[in-house]
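The values are calculated or read from the model by the stated rules, or taken from the named source; none is laboratory data. Here the structure is a predicted model, which is why all the values come from computation and not from measurement. Don't worry about glycine lacking a Cβ; one is built from the backbone with ideal geometry, like all the others, and counts go over all protein chains shown. For accessibility, only protein heavy atoms count, side chains too; no ligands or nucleic acids. Shrake-Rupley method; radii C 1.70, N 1.55, O 1.52, S 1.80 Å.
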Amino acid sequence: MTRICMAGVTGWTGRAIAAGILDADDLTLTGALARKSAGLDVGDALGRPATGVTITADVGEALEGAEVLIDYTHPDAVKEHSRAAIHRGISVVIGTSGLTAADYAALDEEARAAGVGILAAGNFSLTAALVQHFALIAAQHIGSFEVIDYAKAAKPDAPSGTAREMAERLGDVRQPELGHPLDQVGGTPETRGGTVNGVQVHALRLPSYTASVEAIFAIPGARMTLRHDAGETAAPYVAGTLAAARKVRGVKGLVRGLDRLLFAA
């Protein structure tokens, strides 16, 4: 039985993950973190029977008795939550977006020093993991590609964790070819997007989107688009997140990407 602390337990994704933990035979919820719902039983907050687990706003209190922290909170909070867990010898699953490559490098160093694991993914849904996997294969063969990120108008970070992770990992495969140097672009050069590990990323923030990402690859005379679209519920993220929680205690240091779990040797 793996003991889980859920950070962001009353959030859009956190609610679905917490319900999945409560319904699982091999997982148990030992702590829950959410500032606005502090003092409530998790069951009351989720519209379920009482669980005996009280939501707290104190990360140290929430982590008591846990073996794994699952974090779906906010870009401003996830790094400190993760560090608090690592320093207590608790493994971490990060579903929150907003961390940079430098943030992950620092967490990797601390996790290795503490002998614990971190599994992080910009998106824990199966379809997003497969798009990521296929895009990395495509980048081995096609030198021109860019990433487009779509999300709701109120999303506080750009690009999304899904798009950032994809760009960082694509850039590790190869630096894409540019038809015209970015520092020589006229007009309004910002419209060429932001550069993440050498890859151009374009972030749209508009009503009616939930979360989507496209990796577009092109050769002379032909194009290929790999796209993931999220629906209006958090259900697709539950199975992948819980799979990560089950496996993270066997990891030392940082592993990024659900696809690395799906396609592990």
_Would you confirm whether or not segment 198-208 contains a residue that is at pLDDT 95 or above, of a type in the set (Ser, Thr, Tyr) and open to solvent by 70 Å² or more (accessible area, probe 1.4 Å)?_
no
_If residue 132 meets every condition in (1) under 16 Å from residue 13 (Cβ atoms); (2) buried (at least 24 other Cβ atoms within 10 Å of the Cβ) apart from one, which number is that one?_
(1)
*asked:* Here's a check for you: in segment 44-56, which residue that is farther than 14 Å from residue 21 by Cα and among the hydroxyl-bearing types (Ser, Thr, Tyr) is most open to solvent (accessible area, probe 1.4 Å)?
replied: 54
*Can you tell me which residue among 59, 78, 147 is surrounded by fewer than 23 Cβ atoms within 10 Å (Cβ to Cβ) and of a type in the set (A, V, I, L, M)?*
59
*asked:* Can you tell me how many residues within segment 1-46 are closer than 19 Å to residue 92 by Cβ, in a loop (DSSP other than H, G, I, E, B) and among the β-branched types (Val, Ile, Thr)?
replied: 1
*Restricting the search to segment 242-265, which residues are within 19 Å of residue 164 (Cβ to Cβ) and open to solvent by less than 30 Å² (accessible area, probe 1.4 Å)?*
244, 257, 258, 259
*Would you check if there is a residue in segment 147-161 being of a type in the set (S, T, N, Q) and closer than 23 Å to residue 210 by Cβ?*
yes
*Can you name the residue in segment 8-39 that is small (Gly, Ala, Ser) and without any contact (Cβ under 8 Å) to a residue 24 or more places away in the chain and, of all such residues, is surrounded by the most Cβ atoms within 10 Å (Cβ to Cβ)?*
38
